[in-house]
Amino acid sequence: MKTMTTMLLCLIAMLLIASAYSNTVMRLDMAHRDTLSPKHTPYHRIEDIFGEDKRRHSLISQKIKTTKSGARMSLGSGFEFGAAQYFAEIMVGTPAKKFRVVVDTGSELTWVNCRFQGKGQEKLEKREVFKAEGSSSFKTIGCMTKTCKVDLMNLFSLAVCPTPQTPCSYDYRYADGSTAQGVFAKETFTLGLTNGNVTSIPGLLIGCSSSTKGDSLRVADGLLGLAFSDYSFTSKATNIFGAKFSYCLVDHTSHKNISNYLIFGSTPSSTTTKAPARRSARLELNLLPPFYTISIVGISIGDTMLNIPPLVWDVTKNGGTILDSGSSLTFLADVAYKAVVSGLERHLAGVKRVKPEGLPMEYCYDTSKFDDSKLPQLSFHFKGGARFAPYRKSYLIATAAPGVRCLGFVPAGAQGPNVIGNIMQQNHLWEFDLATSTLSFSPSTCL
């Protein structure tokens, strides 16, 4: 009885509350965003509205055009240009202009040879120069902005800022000693799509390089930064096309007219061979940022696992391994280097050793009469069981000297990191899935 009385009292209370508010509604004040900035003139408000609407329309157009499609760029060897890198072709500016750039998964900044406000060359021999003031979509980043002072600090932005109108400048330095100096800007890139269409992506960070130094850059129009970074080309492209990108590197001695593609988005099945099956391993994206770190646990020659201390592969012990398209050779910590070259050298004992000038490799041979099948299979073993078995021509590599081939390894010092370079990666399709932190790879002709 007591329970019934309590329930009736609760019901009466609810009815009284509902009756009291029966003619009441909740009201939230809405204010136009422009009232939050009362100092803006009507002209500035209209200008801001148009700017926002244009950006929104551009984003909507991008999403529609790129649905179920990916972006692709031609990708070929720089061998005939006298370079050990791989080059892609990009279209920059409005109107769009073509540039041949080094593809570098170890660099964050994308830049091109550039002339702006009287700085930079008018012309370069056999190289293109971007005339920034001739592009209607080129917009510099101011030196007093947070983007310059804070966000771009890791991209070697400089503190020089004489006036608020001065562009944010940089002095970008690479591990091999090469440098690029210029100013940061936002620019439009035009990309070909895998479905045959073309799309433009505005507002990408780009470096306008008025000065460059270094052998690795002497035949390039610029560099395409594909590192795992908020400011790399990869970040913007994967945000639009999906969190995957892939490439297939043709033989490093290939003619300049032979190429494959760098693709953002899902990889077309036609680029892979049917057998053997694709292998996968984990990408450790946050261990050595902005590099693509992989969990190598050992190297074997034939059926023999080499005696290499585990700390060589341990990032926490200053070791670890990265996959890098911008390095041509493969760098191994000294103890791993000695184990690999001595293991391979035993199978080259009867081959004449030579010392060509200008090459960084220590073990070179006259292989004009050598049968490659006598060299055992070298394999990299990943944590989890995957195995990468490069072709023999990828570790006994051809040089510009006729008949001369060298073991494609360089000592990296007592401690790493170890680097698997582009020649070791050739004739394989590599797919980086950033959403699942997975690296997939399989042999391919790349043709």
Handout entry: Along each principal axis, Cα extent of region 290-439, largest first, Å
Key = 47, 30, 29
Practice task
Return the distance in nm (one decimal) between the two label points of a simple spin-label model at Lys119 and Ile258, each offset 7 Å from Cα along Cα→Cβ.
Solution key: 4.2 nm
Exercise for the section: Please list 79-85, 429-435, 190-196 highest first by mean number of surrounding beta-carbon atoms within 10 Å per residue. Expected result: 429-435, 79-85, 190-196
Practice task
For the pairs Lys317/Lys369; Lys119/Lys146; Lys236/Lys383; Lys244/Lys374; Lys236/Lys338; Lys98/Lys383, note any where the Cα-Cα span goes beyond 32 Å.
Solution key: Lys317/Lys369; Lys244/Lys374; Lys236/Lys338; Lys98/Lys383
Handout entry: Length added when fully stretched, Leu285-Asp303, from 0.36 nm per residue minus Cα-Cα
Key = 3.4 nm
Exercise for the section: Just report the Cα centroid separation between region 171-211 and region 320-335, whole Å. Expected result: 25 Å
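Quick one: which of Lys355/Lys393; Lys123/Lys355; Lys126/Lys186 span more than 29 angstrom between C-alpha atoms?
Correct reply: Lys123/Lys355.
No lab work stands behind these numbers, since they all come straight from the coordinates. Just so it is clear, the structure is predicted and the values come from calculations on it, not from any experiment. Cβ sites come from the backbone with ideal geometry, for glycine too, and all protein chains shown count toward neighbours.
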